[in-house]
Amino acid sequence: MDDFERRRELRRQKREEMRLEAERIAYQRNDDDEEEAARERRRRARQERLRQKQEEESLGQVTDQQKMKLPRRKKKVKVAKKDTR
């Protein structure tokens, strides 16, 4: 193999190595992006659960307060009228 062909083959091998490395990095980035997206979904789900829990607690407190504030109705007591004829 003459020098020209040997250098050409080395360049081809180097291009192939670079292509494979670029693919590997692209897949790694994609995996990293997917992991980050999954973390973000879990974080948002946690926030939503916390928000719902707080709303339920505040509604429960409001309901309890309303029960305490509602005046109880007094029963009407019928008084027999005196017959003054």
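All of the numbers you see were taken from the coordinates with simple rules; none came from a lab. Here the structure is a predicted model, which is why all the values come from computation and not from measurement. We place every Cβ from the backbone using ideal geometry, glycine too, and count neighbours over all the protein chains shown.
Structure data summary
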{"read-out": "Size of charge dipole - the range 1-67 - debye, nearest 20, with Cβ of Lys, Arg +1 and Asp, Glu -1, no other charges", "value": "80 debye"}
{"read-out": "Net charge of Cβ neighbours under 13 Å - reference GLU36; Lys, Arg +1; Asp, Glu -1", "value": "0"}
{"read-out": "Rg to Rh, two decimals, where the range 1-67 supplies the alpha carbon set and Rh follows Kirkwood", "value": "1.68"}
{"read-out": "Extended-chain gain in nm, criterion 0.36 nm per residue less alpha-carbon gap, GLU17 and ARG39", "value": "4.6 nm"}
